[in-house]
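First comes the structure, then the notes that go with it.
The values are calculated or read from the model by the stated rules, or taken from the named source; none is laboratory data. These numbers come from a predicted model, not from an experiment. Counting neighbours? That spans all protein chains shown, and the Cβs are built from the backbone with ideal geometry, glycine included.
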Amino acid sequence: MIIPYFRSSSRDFTLLQGDCFELLSQFNFHFDMIFADPPYFLSNDGISVQAGKIVSVNKGEWDKGGSPEQIDDFNKKWISLCRDKLKDNGTIWISGTYHNIFSVANSLTELGFKILNVITWAKTNPPPNISCRYFTYSTEFIIWARKSKKVAHCYNYELMKQLNDDKQMTDVWRLPAIAPWEKACGKHPTQKPLALLTRIILASTNKNAWVLDPFAGSSTTGIAANLQKRREEIEDLKVYSQFRRKIKDIAKSETLMPCLFACEEEPIMDLPF
Ligand SMILES: C[S@@+](CC[C@H](N)C(=O)[O-])C[C@H]1O[C@@H](n2cnc3c(N)ncnc32)[C@H](O)[C@@H]1O
């Protein structure tokens, strides 16, 4: 039996601790959307600059890569496990850099997903390139794919357009890297900005949707879902609520579409643990 590491009193926010390869095969539940920020396998003992200091690019043992075949095998296995946990109309978002993203794209295609977009997250404040021998890295990619080639998916087109000054939202998102205030409760080496997850969740889910993140890290995904009132607020997250005005997509969409944030309905289903 799976025992959650954390569960909110409303039962709509659950954290499981363990290896997602084992956990995903142990329960039966179908989610509306999955966001995954898997190992990029870029911990190759290189160096970068952070806050003016030279730092190692190594993120942890979990990010050390193997051969291209091992990386392909890893990606295909976890994406296949996630596919089993998606509703037929569900979508998956997977982030990466050149180190893993081509392997991810191939796995998605081989497993029968339909790729909808490849978002380029253009960081507005990238760290400088200290070698000065090639261009500064300033982007990450997020592939958005749907489970079925035939079943329609959720895309909140109008909302995305309104957030983009009434112009169609493109697949290039100019957003800053994680801000210092987002590290107020502790820092994860590959923490994603709340603004990025907010946009992803707003674009591809409706209220009360169930969202899964198999590589939760500091659980930016759960916090972003919570801030958008897909889920009820839990006590630990109050600190983030005071910063919501800094996340432009939330601030703007609250004004544009109050109904998106109303949360009178109870979630219809419950997780099986
Ligand atoms: C790229 S980070 C995710 C960061 C997250 N998006 C955030 O904003 O904090 C990947 C995370 O997955 C975890 N991880 C790696 N392999 C895993 C596995 N097999 N099962 C569960 N978690 C894993 C790592 O410990 C790391 O915290």
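Overview of results
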{"item": "Filter pass, SER8 being within 14 Å of the ligand (Cβ to nearest atom), touching a helix residue (DSSP H, G or I) at 6+ places or on another chain (Cβ under 9 Å) and touching a residue at least 24 places away in the same chain (Cβ under 8 Å)", "result": "no"}
{"item": "Residue that is charged (D, E, K, R) and on the phi > 0 side of the Ramachandran plot, where the choices are ASP45, ASP84, ASP73, ASP88", "result": "ASP45"}
{"item": "Odd one out for LEU111, checked against (1) within 14 Å of the ligand (Cβ to nearest atom); (2) touching a helix residue (DSSP H, G or I) at 6+ places or on another chain (Cβ under 6 Å)", "result": "(1)"}
{"item": "From the options LEU24, LEU42, residue that is touching a helix residue (DSSP H, G or I) at 6+ places or on another chain (Cβ under 7 Å) and assigned to a loop (DSSP other than H, G, I, E, B)", "result": "LEU42"}
{"item": "Flag for ILE54 being surrounded by 19 or more Cβ atoms within 10 Å (Cβ to Cβ) and in a strand (DSSP E or B)", "result": "no"}
{"item": "Index of the failed condition, LYS187 passing every other in (1) among the basic types (Lys, Arg); (2) under 24 Å from SER43 (Cβ atoms); (3) touching a helix residue (DSSP H, G or I) at 6+ places or on another chain (Cβ under 7 Å)", "result": "(3)"}
{"item": "Those residues of region 134-154 which are modelled with pLDDT of 95 or more and either among the basic types (Lys, Arg) or not in a loop (DSSP other than H, G, I, E, B) (or both), in sequence order", "result": "THR139, GLU140, PHE141, ILE142, ILE143, TRP144, ALA145, ARG146, LYS147"}
{"item": "Total residues in region 67-89, condition within 13 Å of the ligand (Cβ to nearest atom) and either in contact (Cβ under 8 Å) with a residue 60 or more places away in the chain or exposed (fewer than 12 other Cβ atoms within 10 Å of the Cβ) (or both)", "result": "3"}
